[in-house]
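Single-structure report; data block below.
What follows is calculated from the coordinates using simple rules that are stated; it is not laboratory data. Note that the structure is a prediction, hence the values are computed from the model and not measured. Positions of Cβ are backbone-derived with ideal geometry, glycine not excepted, and every protein chain shown enters the neighbour counts.
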Amino acid sequence: MHYLSTRGDPERKRFCEILLEGLAPDGGLYLPEHYPQVDVATLARWREIFNQGTSAARRDSTQPTGYAELAFEILSLYMDDIPADDLRALCRKTYTPEVFGSAEIAPLKPLEPGLYLEALSNGPTLAFKDMAMQLLGNLFEYELARRGEELNIFGATSGDTGSAAEYAMRGKKGVRVFMTSPNGRMSPFQQAQMFSLQDDNIHNLAVEGVFDDCQDIVKAVSNDLEFKRRYKIGTVNSINWARLLAQVVYYFAGYFQATQTDPQKVSFTVPSGNFGNICAGHVARMMGLPIEQLVVATNENDVLDEFFKTGVYRVRGSADTFETSSPSMDISKASNFERFVCDLLGRLTHDEGGVSGHNANATDKVKFLFGEQLAKQGYFDLSADPHFEQAAARYGFASGRSSHADRLATIRDTHQRFGVTIDTHTADGLKVAREQGLGITKPPMIVLETALPIKFAATIEEALGHLPERPAKFEGIEALPKRVKVIPADVGVVKDYIQAHCPA
């Protein structure tokens, strides 16, 4: 498998090259030259692998989980420059009951007929980011050891990516983490998870601004090729293809748990700000997973909802980015959206034998839209482009928006009717999912759970009148000493900090 940039850079690269690289040299994001196709026979075989492995791990927790075996099957299609035995060992090391709390790893919770929650928040930092980040940490350590190199990870977080990355990378040989976050805009629990870490290889930088300012700094540093190469800069944000690819696995796992036969269809609703989580669903669908709808759920920062309803992608500045009670989605520049737009505009060309090549017109347009037009006027408009209609018709996308009042109502309703407490982002997803219509005549709807409620305790208390349950290992975390540096939203300041804390 080779990878190409969404903006047309002609160099084709293997997986382990882009694993450590992040953005492509032209500022684009990497995509595979084709999506491997999964037929009904392969789906049936993977279903058996998942079910048998899950049953074995339930009986004996030392056995490899079905999720780990499924991860190997999917990832090996894209990571074919890692020896199969090594990749299988990495998957088995990552996806264990000890780390994720159950043999299923991502168990499905039925709420009502046709509606499920897929639990993705049982990892070390209680958020879905652990599903990919735990694998990414092991992949980094493995590849750096093979090369005898070191890596300085530079990232941005709106809440959960940072802690998931830091917990995955602490203690990893040859890895340092420099993580930016918007100062004061994460929940107290999220801040405590990150800032209480005292490991020498973990550096927290609280930026005076919003998440988009942090993300802009990461992109600016990644686009400075001399600095990036000199200081061996890599990324863990979902612009890193390896992280997004790891998320593809739980779409297949959710499908196998919600259905009995292939190719029965399902739909997914995904709370989304940066478009990484749902972009993994797009990849799964492009591979052949029978997904009817991919529903994007946003909060008041509704850039993505606006696009899927109107064809206009309009980013907002810091002053127009709302601070909400689902703060991990307080994002107005969806980095991964570029990957989907590249596919939407016809990146892949087809003949009777399947994918036959790449459409340079698509990557040229993506380069213009994301590399030039957004920078100049802050939006682009695809409403008159015939490709826009395909977002729903061909790719299955729909969208909806949720507000603070909606979140409170959904949290209360879910607790009262089902005895289940959900976090604020999952509440956004449930509210939007129900708007699509549920019932026995529709495919099962799976809402991706994003975090445990304790991470957003104040809003849960507002909705229910009491605090959510707190895992014992996190008692008193907010009172722990903090290790964080507050800085202005300035690329030069960040570069100076990196230079001062790692050898060139």
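Set the Förster radius R0 to 22 Å, insert the Cβ-Cβ distance between F474 and E98 as r into 1/(1 + (r/R0)^6), and round the FRET efficiency to 0.05. Could you put the intermediate results ahead of the total?
Values: r = 17 Å, r/R0 = 0.79.
Efficiency computed from Cβ-Cβ geometry: 0.80.
How far is the Cα center of region 459-481 from the Cα center of region 1-19, in Å?
If we compute the Cα centre of each part, the gap is 43 Å.
Could you pull out every residue, at least 5 positions away or on a different chain, whose amide H is within less than 5 Å of the one on A156? Hs are placed 1.01 Å off N in the peptide plane, and Pro or chain starts have none.
Sorted by chain and number, the residues that satisfy this are T180, N237.
7 Å from Cα along Cα→Cβ at both R45 and E435: what's the point-to-point distance in nm?
A separation of 4.1 nm, rounded to one decimal place.
What nm distance separates the two modelled labels at Y379 and R146, each placed 7 Å from Cα along Cα→Cβ?
So the label points at Y379 and R146 sit 4.6 nm apart.
Could you pull out every residue, at least 5 positions away or on a different chain, whose amide H is within less than 5 Å of the one on A398? Hs are placed 1.01 Å off N in the peptide plane, and Pro or chain starts have none.
Correct list: L294, V295, V296.
Take every Cα-Cα pair in the chain and report what % of them are more than 28 Å apart.
On the way: 63494 of 126756 pairs.
Cα-Cα pairs in the chain separated by more than 28 Å: 50 percent.
Highest mean first, how do 436-443, 332-339 rank when packing is the count of other Cβ atoms within 10 Å averaged over residues?
Values: 436-443: 12.8, 332-339: 23.6.
For the peptides 436-443, 332-339, the packing ranking is 332-339, 436-443.
Give me the one-decimal nm value for the distance between modelled label points at Q264 and E323, 7 Å along each residue's Cα-to-Cβ direction.
With each label placed 7 Å out from Cα toward Cβ, I get 4.7 nm.
Using alpha-carbon positions, what is the distance between the centroids of region 158-186 and region 434-452, in Å?
31 Å
Classify region 11-157 from the C-alpha gyration tensor, please: rounded if a/c falls under 1.5, else prolate or oblate depending on whether a/b exceeds b/c. Could the numbers behind the result be given before it?
Working: a/c = 1.62, a/b = 1.52, b/c = 1.07.
Prolate shape, in that a/c is at least 1.5 and a/b is the bigger ratio.
What whole number of Å gives the distance from the Cα centroid of region 37-54 to the Cα centroid of region 243-288?
15 Å
What full-extension length gain, to one decimal in nm, is calculated for R59 and E11 as 0.36 nm per residue of separation minus the Cα-Cα distance?
Numbers: separation 48, 0.36 × 48 = 17.28 nm, distance 4.79 nm.
Full-extension gain reported as 12.5 nm.
Can you list residues from other chains, or at least 5 along the same chain, whose modelled amide H is less than 5 Å from the amide H of L151?
Those qualifying (amide H under 5 Å, at least 5 residues apart or on another chain) are V175, R176.
Does region 225-348 come out rounded, prolate or oblate by the C-alpha gyration tensor, with a ≥ b ≥ c the root eigenvalues, rounded set by a/c under 1.5 and, if not, prolate when a/b is larger than b/c and oblate if not? Numbers along the way, then the final one.
Details: a/c = 1.83, a/b = 1.29, b/c = 1.42.
Since a/c reaches 1.5 but b/c is at least a/b, the shape of region 225-348 is classed as oblate.
When only DSSP loop residues count, what trypsin sites (Lys or Arg not before Pro) in region 357-439 have their Cβ near at most 13 other Cβ atoms within 10 Å?
Details: sites: K365, K367, K376, R394, R401, R407, R412, R417, K431, R434; in loops: R394.
Those satisfying the criteria are R394.
Working from the alpha-carbon coordinates of region 280-354, get Rg over Rh, Rh being the Kirkwood radius. Don't skip to the answer; put the middle values down first.
Values: Rg = 15.1 Å, Rh = 14.4 Å.
Rg divided by Rh gives 1.05.
Taking the alpha-carbon distance from K495 and a cut-off under 28 Å, which lysines remain once sequence neighbours fewer than 8 residues away in the same chain are dropped?
Candidates past the 8-residue exclusion: K13, K129, K172, K173, K219, K228, K232, K333, K367, K376, K482, K485.
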